[in-house]
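Below you'll find the structure, written out as structure tokens, and then a few comments.
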């Protein structure tokens, strides 16, 4: 028995969860799923819905794939992953349309496009297909939380500096005042890359600190 | 041979379960989705045509009979009523903006545009959605079917939001065209 096995399944699951947020953050370290992250983060409210939707799909697909992984023949695993992921995305799509229609319309094509988000198919293939349910759920939660966290920060910075205020559910919750001249570049794609670059930089500083200390 | 059968069987079961659960979700959410869409359209109608108290939808067959070809299948025409008197019409139209299809309500009474309300849009925050502000929308009030209602001709586009401005203008134009034939 290795030391890792001795510490038990929950310790492993906790490690998987933590890895998703920092050391293996899907956006900042693995650099997958960038397209939707850069596109929806123009508005803080969007990022909340996108983060929750992607996390839900990620956890559900990881769970189900891990559950049936021994019955799935190797040569058809990818089509099966895609059917499972697409089904969960369609469920999210319908529920959002029924209960959060304005957010749904603002996110537009990015909700159906969760199907082809590399994070979800990537975690199914690289993690859930080879690991048990507890660890797969932890991995889904961790990756989802890592994705959502980065999205929230990007949405916050971009909306605040790009428009000078934060609007949540049609209410202005915070404003920089009329003296602040909004920097439109934050709303545009270059702004997305600038904010994203700074976040990668910050994460690298944190990593260096932990490695040295 | 047995392996091939197993592969097919597994794929079939997964697809069947997926289809069944999607069907179930669709049935469970359908009413709620229709309700949401209706609530928003009703609110749009009221804001676009404030003189009318109630709205009666003109059904598709009747629209066709009057020779109107709908620009978008989802477009709707309502007759505004104040008691039993007609108080103009509202048009739910779906022009294409920059971020996708927008849904707008245009209220027309006595040959003039009375109000334009954006029901839903996916325009870029801080850029395209400037064309959805009252400053821009104000330009449509009082327009008649005879006016051009075209960007650069008699409507000034918002700089940085040209495509959204054009989309909205196109929607109002469509509504005026429908109105002409009513």
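Key figures
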item: Convex hull volume per residue for the stretch B:115-182, taking Cα atoms only, in Å³; result: 82
item: Using alpha-carbon coordinates, inclination of helix A:9-21 to the longest axis of chain A, degrees; result: 30
item: Separation between Cα centres of the stretch B:114-166 and the stretch A:33-102, rounded to whole Å; result: 36
item: Which of B:30, B:47, B:153, A:97 has the fewest Cβ neighbours within 10 Å, and the rest in rising order; result: B:153, B:30, B:47, A:97
item: Beta bridges per DSSP with both ends in the protein assembly as shown, % antiparallel, nearest 5; result: 95
item: Mean separation of Cα contacts under 8 Å, 6 or more apart, over the residue count of chain B: relative contact order %; result: 17
item: Candidates B:133, B:123, B:112, ranked by Gaussian network fluctuation over chain B, Cα under 10 Å, top entry; result: B:133
item: Two-decimal log10 I(q)/I(0) for the stretch B:41-181, as the Debye equation yields it once each C-alpha is a single scatterer, q = 0.15, 0.21 Å⁻¹; result: -0.67, -1.28
item: Cα convex hull volume per residue for the stretch B:59-113 (Å³); result: 98
item: Cα-based Rg and Dmax for the stretch A:84-184, where Dmax is the largest Cα-Cα distance (Å); result: 17.4, 55
item: √(5λ) per eigenvalue of the Cα gyration tensor, the stretch A:8-212, largest first, Å; result: 31, 21, 13
item: Computed E for residue A:156/residue A:18 - FRET, C-beta separation, R0 22 angstrom, nearest 0.05; result: 0.45
item: With Cα atoms, 0 to 90° folded angle of helix A:77-99 axis to chain A main axis; result: 40
item: Fewest-first sequence of B:98, A:14, B:89 by Cβ atoms within 10 Å of each Cβ; result: A:14, B:98, B:89
item: Per-residue [θ]222 nm for chain B (sum of -39500 (n - 2.57) over DSSP H runs n ≥ 4, rounded to 500); result: -14500 deg cm²/dmol
item: Inter-label distance, nm, simple model (7 Å from Cα along the C-beta direction), residue B:81/residue B:156; result: 4.2
item: Pairwise centroid distance, computed over Cα atoms, of the stretch A:138-213 with the stretch B:64-95, Å; result: 44
item: Nearest-ten-degree value, helix A:133-163 long axis tilted from longest Cα axis of chain A; result: 10
item: Per-residue Cβ neighbour rank within 10 angstrom, fewest leading, A:167, B:135; result: B:135, A:167
item: Relative contact order %, the stretch A:8-212, counting alpha carbon pairs below 8 Å whose residues are six or more apart; result: 35
item: Within a Gaussian network of chain A (alpha carbon springs, distance under 10 Å), most fluctuating of A:36, A:178, A:61; result: A:178
item: Fluctuation leader among A:171, A:15, A:70 - chain A, Gaussian network, Cα springs under 10 angstrom; result: A:171
item: FRET efficiency estimate (nearest 0.05) - Cβ-Cβ, residue B:39 to residue B:60, R0 30 angstrom; result: 0.90
item: Relative intensity, log₁₀ I(q)/I(0), of the protein assembly as shown from a Debye sum that treats every alpha carbon as a point, q = 0.06, 0.07 Å⁻¹; result: -0.33, -0.44
item: Mean Cα-pair separation over length for the stretch A:36-131, i.e. relative contact order, pairs under 8 Å, 6 or more apart, %; result: 42
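No lab work stands behind these numbers, since they all come straight from the coordinates. Just so it is clear, the model here is predicted, and its values are computed rather than measured. For neighbour counting, all protein chains shown are included, and Cβ atoms are generated from backbone atoms with ideal geometry for every residue, glycine included.
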